Amino acid sequence: MEFAAFVNKLDIPSNIRILIPEQAGHGKDVDRAREEGDEYEQPTHQSMLSTTSEWLDEVHASNNCNAFGISMGGGVAYFIHHHRPDKIKRAVLVSPAIPYCVDKKLITGIQDGTNNFFCFESRQDVKLLMRDLSTGRNDDKRKKKDPIPKFFNEAVYRMHKKNSPEGHYRGLLMNILPTEEGEEEGNVFAATSDIHTDATRLVIWPEKDQIINYEQGKAFFKETTSDEENKTEFETIPDCGHVWHADGRIITDLIQARTREYLLEFN
């Protein structure tokens, strides 16, 4: 549902099938989390990859698919592109939440409780997250101009309290945050550099992203091939945060034209 407006603006020809999966722990699946309570099993990187792979087969996806994802969706798109090259031919990744690329200060803040991210345990959490989704912080207290009206923050907080089981999003975060324990050999989610260097894809990164770090992203994707058919194009958006540009525009509007151009090229 969140992508409906963006997809509509892309004006994709009617002969192209559009598939938008919803990951476990998100969207409507939060209803199941509420019903199951303590019995609910939070998703992991591996479960999101394996269920998305299974989903591609269940919906009879062709062998000529192009993938798109922002943030966590970008991370899933990155790993599924690597895991299922028989299905995914090219991809657009926007600030992909690859474990190595998640901002280290954000991880520390979540772990020590100084940053509740989207857990929204208070109204202050909502306000600070919206600031972090913009172009950055002026100091450790994250004082800056709020990117959206205050009433919107209140609406987000009330909706969260109404719809989300207590502790659900903190449990989700703790289950997928990068940990040193996951650095065993062969664990693709612990990679510190690109594991899919022969992929054909467009990587778009806001330079002032406070959630998925721009510098860490550049370091991760540095080992790419220049082959004409299989290559990575890395593009940046100056003065832009994870969601909002400094001038108030939202990132989906900024990437719309480039995304359409890239995704509608099929092999």
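Scanning region 6-19 for residues that are in contact with a helix residue (DSSP H, G or I) (Cβ under 9 Å, 6 or more places away or on another chain), surrounded by 12 or more Cβ atoms within 10 Å (Cβ to Cβ) and without any contact (Cβ under 8 Å) to a residue 24 or more places away in the chain yields a total of 0. From the list Leu56, Leu49, the one residue that fits, being more than 30 Å from Arg158 (Cβ to Cβ), surrounded by 16 or more Cβ atoms within 10 Å (Cβ to Cβ) and in contact with a Lys or Arg (Cβ under 9 Å, 6 or more places away or on another chain), is Leu56.
Would you confirm whether any residue within region 12-29 is among the hydrophobic types (A, V, I, L, M, F, W, C), more than 26 Å from Pro99 (Cα to Cα) and over 23 Å from the mean Cα position of the chain (by Cα)? Yes, that holds for at least one residue. Per this entry, Arg137 is not counted among residues that are modelled with pLDDT under 90 and on the phi > 0 side of the Ramachandran plot.
The values are calculated or read from the model by the stated rules, or taken from the named source; none is laboratory data. Note that the structure is a prediction, hence the values are computed from the model and not measured. When we count neighbours, we look across all protein chains shown, and the Cβ atoms used for this are built from the backbone with ideal geometry, even at glycine.
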